[in-house]
1. Test each condition in (1) part of a strand (DSSP E or B); (2) in contact with an Asp or Glu (Cβ under 7 Å, 6 or more places away or on another chain); (3) in contact (Cβ under 8 Å) with a residue 24 or more places away in the chain; (4) among the hydrophobic types (A, V, I, L, M, F, W, C) for Ile126 and report the one that comes out false.
2. Of the conditions (1) exposed (fewer than 14 other Cβ atoms within 10 Å of the Cβ); (2) modelled with pLDDT under 75; (3) not in a loop (DSSP other than H, G, I, E, B), Gln19 fails just one. Which one is it?
3. Take the residues in region 44-65 that are crowded, with 16+ Cβ neighbours inside 10 Å and assigned to a strand (DSSP E or B), then tell me which one is modelled with the lowest pLDDT.
4. Residues to consider are Ala207, Ala197; find the one that is within 24 Å of Gly52 (Cα to Cα) and either under 21 Å from the mean Cα position of the chain (by Cα) or modelled with pLDDT under 95 (or both).
5. In region 125-150, what residues are at pLDDT 95 or above, out of contact with any Ser or Thr (no Cβ under 8 Å at 6 or more places or on another chain) and over 15 Å from Met172 (Cβ atoms)?
6. Could you check region 151-164 and list, in sequence order, the residues that are on the phi < 0 side of the Ramachandran plot and either at pLDDT below 95 or assigned to a loop (DSSP other than H, G, I, E, B) (or both)?
Amino acid sequence: MFSLLKKSRTPAKSNAPLQRMHAVAGRSLPLVIKENLRATRITLRIEPGGKGLKLTIPYGLHHREVDDFLDRHHGWLKNRLEKLGPEQHLRHGGTISIRGISHRIEHTGTLRGVTQVLRNPEGEAILRVSGLPEHTGRRISAYLKKEARADLERLVAMHAKTVGRPVRSLTMKDTRSRWGSCSYEGNLSFSWRIVMAPDSVIDYLAAHEVAHLREMNHGPKFWALCKALCPHMEESKAWLKRHGSQLHALDFS
């Protein structure tokens with residue numbers, strides 16, 4: 001996020017969001033510009049995975065000043081987006097991370113068959129996918145959702161037994177704002193994309209949400225419980241902070 005103090009000047013005709021494309025770091029990204037009556041500065045956010053940009057501006061700010069702001073911070077945007085790495089294409093010959101291990105995507109060329117992980121004679125990890133080539137991304141996401149549920153159901157059950165609290169339900173979602181959530185009723189929700197992270201990070205996420213079954217906050221008692229469940233908590237938190245956006249950047253459509 002980047003912001004700049006700025007006062008409103010020219011009355012605006014409408015506070016409806018303005019949408020346009022913005023070129024940066026070799027990408028053309030959708031840019032949403034939203035006026036806010038309470039805003040006193042321009043705020044720039046990169047959407048999870050670098051999928052787009054969002055500008056919040058003071059009410060009535062002239063769009064020329066918006067363009068000047070974007071020009072001044074082009075280098076900052078470029079650096080942030082380059083950290084996400086190049087866009088990955090989920091097709092034959094590409095790669096996908098599963099539990100932190102890079103797998104080469106191998107399309108079988110047949111319409112029928114299950115998506116499966118194996119190793120070739122050289123020991124390389126392979127994700128073998130069948131079906132129509134244009135459905136490769138969709139088939140991979142279905143496989144990842146199934147694997148994520150299996151991992152998280154096992155880990156959640158283990159940690160829930162430790163804290164002595166029941167889990168009412170476990171749901172897989174594709175949320176961008178958070179990796180998981182826990183309701184007061186004991187309903188846990190997780191982003192299935194976490195299965196692309198290393199095993200230790202998946203375990204941390206499960207422990208984090210299970211800890212909320214006892215501590216519905218992020219106070220000292222919560223973090224102490226979370227670390228007791230997951231001794232590698234700090235390393236896993238740091239991994240998500242550094243690499244989480246890369247997992248969100250993958251387009252499986």
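The values are calculated or read from the model by the stated rules, or taken from the named source; none is laboratory data. Not measured: the values here are computed from a predicted model. Because the Cβ atoms are built from the backbone with ideal geometry, glycine has one as well, and the counts that use them run over all protein chains shown.
1. The number of the failed condition is (3).
2. Every listed condition holds for Gln19 apart from (2).
3. Only one residue tops the list, namely Ile46.
4. Ala197 is the lone residue from the list that is within 24 Å of Gly52 (Cα to Cα) and either under 21 Å from the mean Cα position of the chain (by Cα) or modelled with pLDDT under 95 (or both).
5. Of everything in region 125-150, just one residue is at pLDDT 95 or above, out of contact with any Ser or Thr (no Cβ under 8 Å at 6 or more places or on another chain) and over 15 Å from Met172 (Cβ atoms), namely Ile126.
6. Selection gives nothing.
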